[in-house]
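Report on the following structure.
The values are calculated or read from the model by the stated rules, or taken from the named source; none is laboratory data. In this text, all values refer to a predicted model and were calculated from it rather than measured experimentally. So basically every Cβ, Gly included, is an ideal-geometry build from the backbone, and we count neighbours across all protein chains shown. Side chains are part of the model used for accessible areas, which takes the heavy atoms of the whole protein and leaves out ligands, DNA and RNA. Shrake-Rupley method; radii C 1.70, N 1.55, O 1.52, S 1.80 Å.
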Amino acid sequence: MTADTHPLLRYADPATRDAAAERLRLAPGPEPEPPVPVDPEGVIARLRSGRGKDPRYVLDGVTVTDWDMIVREHRKAPLPDVIAAGLVARDDCPREAVLELVVARTVSRRGLATGTLANALLRGILTPHDVMFEAAPGWSALRVLEKYAVKHGDWLRPVRRVLTDAAELLPGDDPAAWQWLLTHGPRFPGTYPELCAYARTLARAGASAATAPAPDATGDAQATVDWDFGNPAGLLSRIRPSLAAKIIGMLPETAVIAFLETPDLPPSVIVPALRRAPAMRSRILRSADLGRAGVEALLALRDSDVNGALLEIAPQRADITLAIHRATRRDQPRNVPLGAAARRFLVNHHDPARENIATAVHGHYPQLIQAAFRQLGERLGTARALRGFLSLWECQGPDGVRAAAADPRLGLGPETRRIVQAALDAADRSNDGVNDPAGAAGSALLRAEVARHEHPTALIEAMREDPRLAGQPLPPEFWPVAVTAHARDPLPAPALARLAAQPGCPEALGLAACQALPELARTLGGRSRPYALTAIRDPLHLASVTWQTPRNAWYFDAIDSSLLSAEEFVELAHPVTTMLDALDNIRAILPHANEAAERHIAKLLHTALGDDPEAWTVTAHLMPDFVGTLPELLATVEAVTR
């Protein structure tokens, strides 16, 4: 480490930095070596030989004097991603060369490699916006940004916002323009704005012109475009649903398979994709956005196969599984039965944590209700167990309930058995075989007990005894009672955690859960400003420090959504060293926030330390082990050096 690369001293003015570095015994940075003439062909051969090797060794001793030559060679045939990543990380690599190296002029999967882009963003020489609107070819810029943003399986929302802004340039609702865009866009040599403008121009010229190939097409004109590279799912998710459906209906199934790499696709893409490739139903649904709007659109299909697939891919989503099982009820105006394969899956896959079988008690499949009893037993809780017996009564009458209650494998609690037996006894007393063959008195007693045990007060008491019950679906009237009950007598932390994870949880309970469980705060910190301020009270957990894409972190969403300002992050995040490391990741995807944070750090340091080398030296000594915030560190230094 040198004075120029020290995480603190780099903010000092040169004279103060050198004086503090001498006190810290930091060696001065090496003088740059004069360029050594190297045979250009030898440089290129050495770079191309580095596929699969550590770029530190491949590039060791290579002095690049002609970046234009590197760019020309990269345009002819893309350099290996690991080598291009090493090149853009060099301080002497100019912005113009970086802009060329982050994309690849190819229609193969090489165009999706993200290592070079990641290094360019971490270095801060480019922003995602720069890549989207300035890099060429534009299709390659679009796809490499999409691939970068979903590197870890979920979207980096700040990058997704750039892609959404870019969608404003798309050619509207003209099918001819879209046909040309999807056919020839991957080979178009210009930037993304130029690509969209060209598509709109051809569309205005008529359908015949829209079939023309791109000018100076990228790559081998005879090469087949790899659908992984040509994947249009990101574009189609940002246009009118009816047009998206029409376009997807014309695509080959191989293109639909490529959709599977893109997470959180909206219903406007998922629904027509399901129709185009029904055999891949489960795989397609794994890429669906299962937010409220997405779930409502999928359930509105009233498709037994779709519902069965959702039970399999979202077993923990109580809201989804509850809606699916309720749709099987015979008293529904348009019930949606489950297929035999889905029912077999639920019966044979035993996992006590799954809500997809627990919520079966709300449906009208006796086989699934009894499977829930056998698999979960007392973990169902009294309320859900009684709900299951009531559903059985509605399906099979008292005889079905009697047969199920006699099954020794159910493992139900004594309270449940007592109430069920009381309902059966009431049915026997009132059933004379003519006037009350269904045992109405027994079903009325059972229904009343279900209502009593499903009352919010009873549910809260049950959760105090068994916090696992807090993960079950809860009605809207539950939440105000829960807030009052928690204020009077705090709920157990495990119950709070399960409640906080539910979409209907009010802020008062969610914040209480975050205060009790710091790891939960890291999950929910992006929900609102109070959540963000709660999360930042705990030591910062770094998402990742890698040369690849950073993992999602709550503070990305909080800063991107203006729940926290960059200045607040600097002053409240701790420890200081972790906060500074986090800014490296923020620089990659939120460059403007990083610039604001850097300015604020410099202001705080210069206000507190001035040009006193001793103060800077003490601060540098204390910082690595200091667990507090930056203002607290500076206050400590002031007390020490006063």
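Would you please list the contacts, defined by Cβ atoms under 7 Å and residues six or more apart or on different chains, that run from a residue in segment 460-473 that is in a helix (DSSP H, G or I) to a residue that is among the β-branched types (V, I, T) and surrounded by fewer than 20 Cβ atoms within 10 Å (Cβ to Cβ)?
I460/V481
Return only the number of the condition from (1) under 24 Å from V102 (Cα atoms); (2) in contact with a Cys (Cβ under 9 Å, 6 or more places away or on another chain); (3) of a type outside the set (S, T, Y) that A521 does not satisfy.
(1)
D560 versus (1) more than 23 Å from F626 (Cβ to Cβ); (2) acidic (D, E); (3) surrounded by fewer than 19 Cβ atoms within 10 Å (Cβ to Cβ): which is the lone unmet condition?
Every listed condition holds for D560 apart from (3).
Please verify whether segment 134-149 includes one or more residues that are in contact with a Pro (Cβ under 9 Å, 6 or more places away or on another chain), over 25 Å from S287 (Cβ atoms) and either hydrophobic (A, V, I, L, M, F, W, C) or surrounded by 19 or more Cβ atoms within 10 Å (Cβ to Cβ) (or both).
yes
Among the residues of segment 481-526, which ones are farther than 22 Å from T457 by Cα, outside any loop (DSSP other than H, G, I, E, B) and open to solvent by 20 Å² or more (accessible area, probe 1.4 Å)?
Q515, A516, P518, E519, L520, R522, T523
What residue, among those in segment 336-352 that are free of Cβ contacts under 8 Å to residues at least 12 places away in the same chain and not small (G, A, S), is least open to solvent (accessible area, probe 1.4 Å)?
H349
Hey, could you check segment 378-392 for residues that are in contact with a Gly (Cβ under 7 Å, 6 or more places away or on another chain) and open to solvent by 10 Å² or more (accessible area, probe 1.4 Å) and say which is nearest to I357 (Cα to Cα)?
That would be E378.
Is it the case, given these coordinates, that T106 is closer than 18 Å to L590 by Cα and either among the basic types (K, R) or touching a residue at least 40 places away in the same chain (Cβ under 8 Å) (or both)?
Here the answer is no, as T106 does not meet what is asked.
For segment 410-430, enumerate the residues that are at pLDDT below 90 and open to solvent by 60 Å² or more (accessible area, probe 1.4 Å).
Those that are at pLDDT below 90 and open to solvent by 60 Å² or more (accessible area, probe 1.4 Å): D428, R429.
Within segment 365-416, can you find the residues that are among the hydrophobic types (A, V, I, L, M, F, W, C), part of a helix (DSSP H, G or I) and without any contact (Cβ under 8 Å) to a residue 12 or more places away in the chain?
Within segment 365-416, A403 is the sole residue that qualifies.
List pairs: first residue in segment 310-331 and at negative phi, second residue part of a loop (DSSP other than H, G, I, E, B) and basic (K, R) anywhere in the structure, Cβ distance under 6 angstrom, at least six positions apart or on different chains.
Close Cβ pairs satisfying both conditions: I313/R286; P315/R354.
Within segment 79-107, how many residues are open to solvent by 20 Å² or more (accessible area, probe 1.4 Å) and small (G, A, S)?
Count: 1.
Would you point out the residue of segment 108-130, among those that are more than 22 Å from the chain's Cα centre (by Cα) and not small (G, A, S), that is surrounded by the most Cβ atoms within 10 Å (Cβ to Cβ)?
My answer is T116.
Give just the number: which of (1) surrounded by 17 or more Cβ atoms within 10 Å (Cβ to Cβ); (2) modelled with pLDDT of 95 or more; (3) more than 33 Å from the chain's Cα centre (by Cα) does S443 not satisfy?
Looking at each condition in turn, S443 falls short on (2).
Look through segment 160-209, keep the residues that are open to solvent by 60 Å² or more (accessible area, probe 1.4 Å) and assigned to a loop (DSSP other than H, G, I, E, B), and return whichever of them is modelled with the highest pLDDT.
D173
Collect the residues in segment 600-615 that are of a type outside the set (A, V, I, L, M), surrounded by 14 or more Cβ atoms within 10 Å (Cβ to Cβ) and closer than 18 Å to L580 by Cβ, keeping them in residue-number order.
H600, H606
For segment 300-314, give me the residue count where each residue is over 17 Å from the mean Cα position of the chain (by Cα) and under 26 Å from H350 (Cβ atoms).
Qualifying residue count, segment 300-314: 9.
Taking the conditions exactly as written (in contact (Cβ under 8 Å) with a residue 40 or more places away in the chain and under 25 Å from Q367 (Cα atoms)), does V450 satisfy them or not?
yes
Hey, can you tell me all the residues within segment 255-271 that are surrounded by fewer than 21 Cβ atoms within 10 Å (Cβ to Cβ) and β-branched (V, I, T)?
Passing the criteria: I257, T262.
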